[in-house]
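What follows is one structure encoded as structure tokens, with my remarks underneath.
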Amino acid sequence: MSTVFLSPYEIKEHITLRNRVIMAPMTINSSTTEGEVTDEELAYYLVRSSSPGAVITAGAYISSEGQAFNNGMSVAKDRFIPGLKKLASVIQIQGAKAILQIYHGGRMARSELNSGRIPVAPSAVKADRPWAEFPRQLGMTDIELIINQFAQAVRRAINAGFDGVELHGANTYLLQQFFSPHSNRRTDEWGGSFENRMKFPLRVIHACQQMIDKYADDSFILGYRISPEEIETPGIRLDDTLQFIDQIIDHGIDYIHLSLKHYYQPSIVGIGNYHVNIPKEIYKHINQRIPMINVGRVLSPKDATKALEYSDLIAVGRQYIMDPRWIQKYELGREKEIYKAIHLSKQNQLGIPDGLWNMITNAPGWFPIEE
């Protein structure tokens, strides 16, 4: 079998990853209720940083009104920098690059997680989720404030010693909400036309680049995660995403990271589009201008090899939870020893925090489980 996924890769000029495997960002619900990094989180990332080329952390919320899930990590204030610095260090100590994913939940945030604050969004349009709340439409001043909050989050990541930041523009969070015709019904300069719906994420990228220019050197990485399509109508379609990718490449993004359920996912919209391989179409469109990370059910070395047929890098999530040492086992010729399930007796050995452990064990079918 090809071992191309183990070969070094230059993600940007003079910045080389030891291999093409990225540990995917995964929600682990294990920070404090205030958003501080915990010892459990540090242990979780330490155990998993010995083999990937880079680790992308769980999403850190950039605003005190933007948290979208329980016990998430915060990068909203300077007081979080010391904990984030510890996190960057435990990832880097074993040779992986440390990338902090940052996000604002927008209408996907929950007031109960944000001291009762009502969620905000481009427009007062409720998400198609049974638990979702009706959001407050952002005003002009609010929008400028959030752009600055993204930029300040990047400054904090730099001060904490991270090698890069990933802007979470996927999974229906705020960056995607501005681009989406479903969540953005504005008729001012921030919505309506395709160009206006791109304005907010492009302004965020520009503001983040300014912080990088001021506080970091050329080695600092700025990535962007996208959901290529939305199932809602109206919603984002593949053609929209291809045009958007052109724009964010022109604005200096260092890599594109897809958010998909499978590394050869077909289109999720439109009768007759099931044959369209979304990662393949996007990779062909990018045409080597910047690296692309493919993702979704990469559970074996064979999957890793296949996923790289139409990507430069692969993000691996669940397999790193089930077996943090799957790459080492493969390199030692012990592929048959790679865990393919969560072993209920191995929580401590696997370094899985209680918050994530409770999610896994209380969600039948999410992970295969063995006694």
>> Looking at region 93-102, can you tell me whether even one residue there is under 26 Å from ALA315 (Cα atoms) and modelled with pLDDT under 95?
In response: yes
> For region 252-302, how many residues meet the condition of being closer than 15 Å to SER227 by Cα, part of a loop (DSSP other than H, G, I, E, B) and of a type in the set (Lys, Arg)?
Replying inline: 1
> Out of the residues in region 345-370 that are among the aliphatic types (A, V, I, L, M) and outside any helix (DSSP H, G or I), which is surrounded by the fewest Cβ atoms within 10 Å (Cβ to Cβ)?
Replying inline: ALA363
> Looking only at region 198-225, which residues are without any contact (Cβ under 8 Å) to a residue 60 or more places away in the chain, surrounded by fewer than 18 Cβ atoms within 10 Å (Cβ to Cβ) and not in a helix (DSSP H, G or I)?
Replying inline: ASP217
>> Can you tell me how many residues within region 287-319 are crowded, with 20+ Cβ neighbours inside 10 Å and out of contact with any Lys or Arg (no Cβ under 7 Å at 6 or more places or on another chain)?
In response: 13
>> Can you say whether GLU309 is at pLDDT 95 or above, within 27 Å of GLU232 (Cα to Cα) and assigned to a helix (DSSP H, G or I), as far as the supplied structure shows?
In response: no
>> I need every pair where a residue in region 1-22 that is closer than 20 Å to LEU100 by Cα has its Cβ under 6 Å from the Cβ of a residue that is β-branched (Val, Ile, Thr) and surrounded by fewer than 17 Cβ atoms within 10 Å (Cβ to Cβ), sequence separation at least 6 or different chains.
In response: GLU10/THR16
> Taking VAL47, is it surrounded by fewer than 24 Cβ atoms within 10 Å (Cβ to Cβ), touching a Pro at 6+ places or on another chain (Cβ under 8 Å) and of a type in the set (A, V, I, L, M, F, W, C)?
Replying inline: yes
>> Here's a check for you: in region 7-40, which residue that is within 16 Å of GLN67 (Cβ to Cβ) and among the polar types (S, T, N, Q) is surrounded by the fewest Cβ atoms within 10 Å (Cβ to Cβ)?
In response: THR33
> What pairs come up if the first residue lies in region 86-114 and is surrounded by 24 or more Cβ atoms within 10 Å (Cβ to Cβ) and in a helix (DSSP H, G or I), the second is at pLDDT below 95 and hydrophobic (A, V, I, L, M, F, W, C), and their beta carbons are under 7 Å apart, counting only those six or more places apart or on different chains?
Replying inline: ARG107/ALA127; ARG107/ALA132; MET108/ALA127
>> Being part of a helix (DSSP H, G or I), closer than 30 Å to GLY252 by Cβ and aromatic (Phe, Trp, Tyr): is that true of TYR330 here?
In response: no
> Do we find a residue being surrounded by 21 or more Cβ atoms within 10 Å (Cβ to Cβ), outside any loop (DSSP other than H, G, I, E, B) and of a type outside the set (D, E, K, R) anywhere in region 226-236?
Replying inline: yes
> Which condition number does ASP142 fail, the rest of (1) assigned to a helix (DSSP H, G or I); (2) in contact with a strand residue (DSSP E or B) (Cβ under 7 Å, 6 or more places away or on another chain); (3) buried (at least 17 other Cβ atoms within 10 Å of the Cβ) being met?
Replying inline: (3)
> Going through region 5-41 one residue at a time, which ones are over 22 Å from ARG297 (Cα atoms), among the hydroxyl-bearing types (Ser, Thr, Tyr) and part of a loop (DSSP other than H, G, I, E, B)?
Replying inline: SER30, SER31, THR32, THR33, THR38
> Within region 65-90, how many residues are under 25 Å from ARG129 (Cβ atoms) and aliphatic (A, V, I, L, M)?
Replying inline: 4
> If you scan region 8-37, which residues turn out to be within 26 Å of ASN114 (Cα to Cα) and under 20 Å from the mean Cα position of the chain (by Cα)?
Replying inline: ALA24, PRO25, MET26, THR27, ILE28, ASN29, SER30, SER31, GLY35, GLU36, VAL37
>> When the residues of region 47-84 are narrowed to those that are part of a helix (DSSP H, G or I) and more than 19 Å from the chain's Cα centre (by Cα), which ends up nearest to TRP357 (Cα to Cα)?
In response: VAL47
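The values are calculated or read from the model by the stated rules, or taken from the named source; none is laboratory data. What you see is a predicted model, and the numbers here were worked out from it, not measured in a lab. Cβ: placed from backbone, ideal geometry, glycine included. Neighbour counts: every protein chain shown.
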